[in-house]
Amino acid sequence: MAPSLLDLAPVVPVVVIEDASDAVPLARALVAGGLPAIEVTLRTPAALDAIRAIAEEVPDAVVGAGTVITPQQVKDSVAAGARFLVSPGWTDVLLEAMRGSGVPFLPGVSTTSEVVALLERGVTEMKFFPAEAAGGTAYLKSLAGPLPQARFCPTGGIGSANAPDYLSLPNVGCVGGTWMLPADAIAARDWGRVEALAREAAGLKTLRAQV
C-alpha cells in the first residue's frame with residue numbers, strides 16, 4: 001500500500017513559481033533538504049510548466065498541484081505530471097473530478113460541517129485552510145474528539161514557530177507552508193539557502209515521532 005500523502009514529510013512546501021526555469025533547481029534544493037512532497041500552486045501562468053519540468057527532471061520529488069479549483073485544472077495538472085492535488089475548498093463537482101484523477105488529493109475544509117460532509121463521501125484526509133484564520137490548533141484539537149477519523153494538512157499562516165504546535169496534534173499528519181522559500185532567496189536563486197531552510201523544516205519529523 002502506498003504511503004499516505006500526509007506521511008511523506010512533516011512539511012509540504014507550498015511553491016508559487018513565476019519563472020518555470022526556477023522549478024527544477026528549486027525542487028532539487030527542497031528534495032536535498034529532505035522535503036520530497038512539493039505543492040506547486042496554480043496561481044501563475046508558469047505553474048503547469050513548472051510541474052512538468054519537476055516531474056520529468058527531479059525523480060525524487062513528489063510534485064503536486066495546489067489551488068486546484070476546477071475539473072479542467074485537475075485534468076491539466078495530472079497531464080503535466082502532478083502526483084497529488086490540493087484544493088483550498090471543495091464542491092461535489094470538484095470532488096468527483098479529483099476522485100477520477102487517479103492521484104491522491106486533499107480537499108480543503110475550514111468548518112466542522114465540511115469535514116462531516118467529506119467523511120460521508122468516504123474522504124478522511126483533508127487540507128485545513130486557512131489554518132490560523134479558521135481557528136488554528138485550538139480548532140483542530142476540538143475536532144479530534146468527535147471526528148478522530150479525519151486527518152489534516154493545515155496550511156495558511158503556518159511558519160517555523162508554530163508548525164511544531166500543529167504537528168503535535170494527533171489528527172495532523174503534516175503542515176504546508178512557505179517559510180523555507182523566502183522571496184529574496186528565490187529572487188537571488190539562492191538554492192543553498194532554500195536547501196538549508198528545507199533541512200530545518202524536515203527536522204520537525206523527529207519532533208513528530210516523539211509526540
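Structural remarks
- Listed values for the range 36-50 are Karplus-derived 3J(HN,Hα) couplings in whole Hz (6.51 cos²θ - 1.76 cosθ + 1.60, θ = phi - 60°), namely x, 8, 10, 9, 9, 7, 8, 9, 10, x, 7, 4, 5, 5, 5, and x replaces Gly and Pro.
- Within a Gaussian network of the chain (alpha carbon springs, distance under 10 Å), most fluctuating of Leu119, Leu26, Leu197: Leu119
- Taking the square roots of five times each eigenvalue of the Cα gyration tensor of the range 1-80, the equivalent ellipsoid has semi-axes of 18, 16, 11 Å, listed largest first.
- Annotation for the range 133-156 versus the range 52-130: alpha-carbon center distance of 18 Å.
- For Ala55, net neighbour charge (Lys/Arg +1, Asp/Glu -1) across residues whose Cβ lies under 14 Å away: -3
- Under-5 Å amide H pairs with Val103, H placed in peptide plane, nonlocal only: none
- Annotation for Ala188 and Ser4: the two label points, set 7 Å from Cα along the Cα-Cβ direction, are 3.9 nm apart.
- Pairwise Cα distances in the chain exceed 30 Å in 16 percent of cases.
- Exposure proxy for Ser87, Ser101: other Cβ atoms within 10 Å of each Cβ, ordered fewest to most, give Ser101, Ser87.
- Near the amide H of Gly177, within less than 5 Å, lie the amide hydrogens of Val12, Val14, all on another chain or at least 5 residues away, with H placed in the peptide plane.
- Cut-off 14 Å between beta-carbons: net charge of the residues surrounding Leu85, Lys and Arg +1, Asp and Glu -1: 0
- Sum of -39500 (n - 2.57) over DSSP H runs of 4+, divided by residues of the chain (222 nm, nearest 500): -11500 deg cm²/dmol
- Across the chain, the relative contact order, built from alpha-carbon pairs under 8 Å that are at least six residues apart, equals 23 percent.
- Built amide H within the under 5 Å cut-off of Ile38, gap 5+: Val62, Val63, Gly64
No value in this document is a laboratory result; all are computed from the given coordinates. Just so it is clear, the model here is predicted, and its values are computed rather than measured. Glycine gets a Cβ as well: all are built from the backbone with ideal geometry, and neighbour counts include every protein chain shown.
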